[in-house]
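The block underneath contains the structure these notes are about, expressed in structure tokens.
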Amino acid sequence: MRRPIVAANWKMNKTVPEAAEFAARLKGLLGPSSKAEVVVAPPFTALSAVKEILEGSAVGLAGQNLWHEPKGAYTGEVSAAMLKDAGCVYAILGHSERRKYFQEDDALVNKKVKAALGSGLNVILCVGETLRERELGETHNVVRRQLEKGLEGLGAGDAGRLVVAYEPVWAIGTGKNATPEQAQEVHRFVRERAGELLGREAAEALRIQYGGSVTPENSSALLSQPDIDGALVGGASLVAESFYAIINSIN
Ligand code: 13P
């Protein structure tokens, strides 16, 4: 039995007061416990304010990215230990926006995954194909490569601290979500490949989130698929009530 995990990826949105307002609202809506694991990934600048407000709630904190070196002359970057220190439980790594706008490749993503796990963070590893790759019939090849390279050097013992987010790039921020059947098909594929990489038992326990234009309207159809274990939500996670409605579509 996999506990669903619903995460809010705010991307480059919200000032500290806006983030604090959201956190207080969500805390009020959720109460002290939740059937699904709930995670919020604010921008770095708002982590500490959000952490303070969410103290005593069921909501965990995530960083949206990190740099894999432990410290040093990397202007503008944040380490895994710094995220941990700021109260993060998770790091979102390999997001398609990092791959596209910041030229992150699978080898770099793998270094970040190892740095996160090594610092005691859990990882949400994002994978997913572009529209062109889907049209060329390359979806499985792309996702397989991102998984194999992103998880290189990891074993069954790491699987419990890993979540995979399948986020088809063509569905992100477009209002055009994958159908439940399309998503389920790739999620099944991810679980099979994860079985080869991490072992069958670990793959059965692995939580695989869907991300890409998830809304309160489409979340319950997506999340009721057998291999969809939660959602990674962008736009619809910016308003506490709509994020809560998505969480509630599981509860
Ligand atoms: P949207 O929900 O805005 O499509 O974003 C999805 C996403 O990229 C979450 O990481």
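Read the figures in this text as sums done on the coordinates, not as results from a lab. On a predicted model such as this, the values are computed, not experimentally measured, just so you know. When we count neighbours, we look across all protein chains shown, and the Cβ atoms used for this are built from the backbone with ideal geometry, even at glycine.
Once the gyration tensor of the Cα atoms in the stretch 18-75 is diagonalised, the equivalent ellipsoid follows with semi-axes of 26, 13, 8 Å, ordered largest first. Here the gap between SER220 and THR174, fully extended at 0.36 nm per residue and compared with their Cα-Cα distance, gives a gain of 14.7 nm. Contact order, relative form, for the chain: 21 percent (alpha carbon pairs under 8 Å, 6 or more residues apart, mean separation divided by residue count). Taking each of LYS27/LYS111; LYS51/LYS111; LYS35/LYS71 in turn, the alpha-carbon distance tops 31 angstrom for LYS27/LYS111; LYS35/LYS71. Helical runs (DSSP H, four residues minimum) scored at -39500 (n - 2.57) apiece and divided by the length of the chain put the mean residue ellipticity at 222 nm at -12000 deg cm²/dmol. Kirkwood's formula applied to the C-alpha pairs of the stretch 180-231 gives a hydrodynamic radius of 11.2 angstrom.
Note on ARG25 and GLU148: their simple-model spin labels are 4.5 nm apart, each label 7 Å out from Cα toward Cβ. Every Cα-Cα pair in the stretch 37-124 was counted, and those over 20 Å apart are 31% of them. Remark on the chain: Rg and Dmax equal 16.7, 48 Å (Cα only). Considered as an equivalent ellipsoid built on the Cα gyration tensor, the stretch 104-251 has semi-axes of 24, 18, 15 Å, the largest given first.
For the stretch 79-131, the Kirkwood estimate of hydrodynamic radius, built from reciprocal distances between every pair of different alpha carbons, is 11.4 Å. Remark: the GLU18-ALA86 segment gains 22.6 nm on full extension, using 0.36 nm per residue and subtracting the alpha carbon distance.
Put in line by how crowded their Cβ is, counting other Cβ atoms within 10 Å and starting with the fewest, THR179, THR215 read THR179, THR215.
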